[in-house]
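The values are calculated or read from the model by the stated rules, or taken from the named source; none is laboratory data. Given the structure is predicted, the values throughout are model-derived calculations rather than measurements. Because the Cβ atoms are built from the backbone with ideal geometry, glycine has one as well, and the counts that use them run over all protein chains shown.
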Amino acid sequence: MLETLIFDYTIYAPLQIQNTLDYQLLSSEDIPHIIYNTPKPVSPLKIFFLPIKENVVRQPPAFRPGIIIGCPACDLQAIDILDKIYLNEPFTDTYYKQRRENTILIGTDCHSQLPHCHCTTYGTTPCPDKHADILLSAIDDELILVPKTEKGIQLTEQLKELSSPSEEILSRLRITRNTIEKELNKQNKELPNYPETGQLIKNSDNHIWKKYARTCVSCGACATICPTCTCFLLVDRPGFEKVRQMDACQLPGFARIAAGEDQLGNRSVRFKNRYLCKYVWKSENLNSIACTGCGRCIETCIGNINKNELFMEIKGNEIK
């Protein structure tokens with residue numbers, strides 16, 4: 001089926017490259033090596049809709065229709081807040097809109113978990129329930145495709161070889177989903193939920209932020225790898241070029257203004273500000289969670305900062 005689609009679509013899918021699982025541009029030779037239902041690609045889904053750098057005053061190029069296979073629930077949940085920011089009328093981002101409209105997202109549920117996965121703590125299930133055009137699940141040698149949107153229906157109608165899965169396969173799929181959800185809840189039973197975390201951050205004192213910020217090297221990796229963080233700079237260049245370039249709130253000088261004033265110049269203040277943004281301000285202003293529990297920020301941190309340990313320590317201090 002993919003071999004028939006590869007001529008009409010640009011297709012990305014998760015492939016194992018050495019020890020890393022990430023999205024790769026698919027060729028016919030890659031199709032047998034696609035990894036299904038495994039958390040999670042190193043790159044967040046946002047990279048397909050918000051490139052690291054692009055000129056935003058030129059006419060948007062004609063985007064070839066795309067298919068992205070293997071989108072996990074945590075990344076699809078993140079699309080919720082991205083759509084609210086970049087599709088908001090009357091300030092719709094035409095580049096983002098074109099990419100979203102021309103891309104079919106095939107979500108997959110996770111049949112295992114990684115040490116830092118905590119999506120269920122923030123109300124997301126390991127099985128995508130929003131923003132997937134098609135939901136894909138692999139059980140043994142069978143792939144189950146469930147169209148969820150009009151785009152998904154149109155694509156599955158092109159695939160003539162589809163048949164309905166047996167009740168036995170569907171039953172095994174339900175058991176797998178229930179099992180992984182229980183394991184995630186057990187793994188993160190001490191972690192406060194999303195609203196509770198926001199309150200803990202607002203009520204916390206500064207010494208704990210200084211403690212955890214001690215090993216922060218201000219590299220910005222946590223923000224750039226986050227599926228919901230999309231801060232950017234606009235850089236003016238000759239020839240009426242205006243380049244949007246990814247930025248990160250943990251970089252020194254992020255909030256610096258005229259005369260050198262910088263309210264986030266202190267590293268621990270900058271560090272706390274990131275979590276106030278993710279757990280308080282964005283949810284209040286956009287009515288959407290700004291952390292989906294993917295755990296990438298923990299995995300990528302050079303300073304070995306584990307935000308979950310930070311939140312559990314704040315919670316423990318409050319209980320005492």
Query - Single condition residue 158 does not satisfy, out of (1) surrounded by 12 or more Cβ atoms within 10 Å (Cβ to Cβ); (2) over 30 Å from residue 265 (Cα atoms) - result: (1)
Report task. Would you be able to say whether some residue in region 114-129 is out of contact with any strand residue (DSSP E or B) (no Cβ under 6 Å at 6 or more places or on another chain) and either under 16 Å from residue 68 (Cα atoms) or modelled with pLDDT under 90 (or both)? Result -> yes
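Residues are listed down the side, and each one gets a yes or a no for (1) over 24 Å from residue 278 (Cβ atoms); (2) acidic (Asp, Glu); (3) out of contact with any Phe, Trp or Tyr (no Cβ under 9 Å at 6 or more places or on another chain); (4) not in a loop (DSSP other than H, G, I, E, B):
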site	(1), (2), (3), (4)
80	no, yes, yes, yes
84	no, no, yes, yes
88	no, no, yes, no
91	no, no, yes, no
96	no, no, no, yes
110	no, no, yes, no
115	no, no, yes, no
120	no, no, yes, yes
124	no, no, yes, no
Requested in this report: Answer yes or no as to whether residue 170 is at pLDDT below 95, out of contact with any His (no Cβ under 9 Å at 6 or more places or on another chain) and outside any helix (DSSP H, G or I).
Outcome: no
Requested in this report: Search region 264-278 for residues that are under 13 Å from residue 231 (Cβ atoms) and outside the structural domain of residue 248 (by TED's automatic domain parsing) and pair each with any residue that is among the polar types (S, T, N, Q) and assigned to a helix (DSSP H, G or I) when their beta-carbon atoms are under 6 Å apart and the residues are at least 6 apart or on different chains.
Outcome: none
Report summary line: Expected single match for touching a strand residue (DSSP E or B) at 6+ places or on another chain (Cβ under 8 Å) and not in a helix (DSSP H, G or I) among 234, 191 is 234
Report summary line: Per the filter on region 61-77, residues on the phi < 0 side of the Ramachandran plot and surrounded by 15 or more Cβ atoms within 10 Å (Cβ to Cβ) are 65, 66, 67, 68, 69, 71, 72, 73, 74, 75, 76, 77
Query raised in the report: Which number in (1) in contact with a strand residue (DSSP E or B) (Cβ under 9 Å, 6 or more places away or on another chain); (2) part of a helix (DSSP H, G or I) marks the one condition that residue 145 misses?
Result: (2)
Query raised in the report: Can you spot a residue in region 38-52 that is buried (at least 17 other Cβ atoms within 10 Å of the Cβ), under 23 Å from residue 176 (Cα atoms), modelled with pLDDT under 95 and of a type outside the set (Lys, Arg)?
Result: yes
Query raised in the report: Out of all the residues in region 166-200, which are free of Cβ contacts under 8 Å to residues at least 24 places away in the same chain and of a type in the set (Phe, Trp, Tyr)?
Result: none
**Report entry** One residue from 135, 76 being touching a strand residue (DSSP E or B) at 6+ places or on another chain (Cβ under 7 Å) and in contact (Cβ under 8 Å) with a residue 40 or more places away in the chain
**Finding:** 76
